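Presented below is the structure to which this report refers.
Every number here is computed from the coordinates shown, using simple stated rules; none is lab data. These figures come from a predicted structure and were not determined experimentally. Here the Cβ is made from the backbone with ideal geometry for all residues, glycine too, and neighbour counts use every protein chain on show.
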């Protein structure tokens, strides 16, 4: 069964450093998403991406965040200058459509720790 | 505004007993409702969803959920729990408006006791 994959599984970085989180969505999916889950809290929507551009973003997704699909398979989330409060689990997801009823399939997550 | 609530942080059930994980929601209009499960060190796995039609939805691993519009609930159920069902369960809702985003609950940890 096709899966969403994410690398790395864990990332430790110093405050102020840039990090890039990588995701490979399911191959025939067209819509891609990033979510984050701060320890013990809700899963929060960050951004959705379609046709090489952001389709929606939350208030969390400020100027320090960016997303990119650099080739036909990878989907990346970049945090330009990490802050302590960026420490969280980051999930990538993909879906074939974006009708609202379409199921989003999630990757295993990247646990980011900012020191 | 959309919201979803999972009132229980943890649910303990003896193996073989029926289980229920509660979820209530608030959206304007009709909802799309989802349940996901998260096993340790894994991502969220889709279990089931309600879009329209029968209020009782059957999903993976023997789980089902009942949509109750009057109570704005979508509780997850299973007739006979397995130890392997122990995991973190997330309810999610999305409204049917174009700009609505999927909103997740905070999760309920289900612990099945052998």
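Key figures for this structure:
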{"read-out": "Percentage of interatomic Cα-Cα distances in the protein assembly as shown larger than 25 Å", "value": "41"}
{"read-out": "Hull volume in cubic angstrom per residue (convex hull over the Cα atoms of segment A:5-96)", "value": "96"}
{"read-out": "Euclidean distance of C-alpha centroids, segment B:1-62 and segment A:50-110, integer Å", "value": "23"}
{"read-out": "Net length gained if the chain between residue B:70 and residue B:26 were fully extended (0.36 nm per residue, minus Cα distance)", "value": "14.7 nm"}
{"read-out": "Shielding score for B:33-44, defined as the mean number of other chain Cβ atoms within 10 Å", "value": "4"}
{"read-out": "Volume of the Cα convex hull of chain B, divided per residue and given in Å³", "value": "97"}
{"read-out": "Cβ-derived FRET efficiency at R0 45 Å, residue A:71 paired with residue B:3, nearest 0.05", "value": "0.75"}
{"read-out": "Distance (nanometres) between label positions extended 7 Å along Cα→Cβ at residue A:96 and residue B:96", "value": "2.1"}
{"read-out": "Segment B:38-92 shape via C-alpha gyration tensor axes, a/c threshold 1.5", "value": "prolate"}
{"read-out": "Shielding by partners - mean other protein chain Cβ count within 10 Å, residues of A:104-110", "value": "5"}
{"read-out": "In nm, spacing of pseudo-spin labels at residue A:51 and residue B:51 (7 Å Cα→C-beta vector)", "value": "2.2"}
{"read-out": "R0 of 45 Å, Cβ-Cβ distance residue A:58-residue B:15: FRET efficiency to nearest 0.05", "value": "0.70"}
{"read-out": "Ranked B:104, A:91, criterion: other C-beta atoms within 10 Å, fewest first", "value": "B:104, A:91"}
{"read-out": "Antiparallel bridges, percent of DSSP beta bridges restricted to the protein assembly as shown (to nearest 5)", "value": "90"}
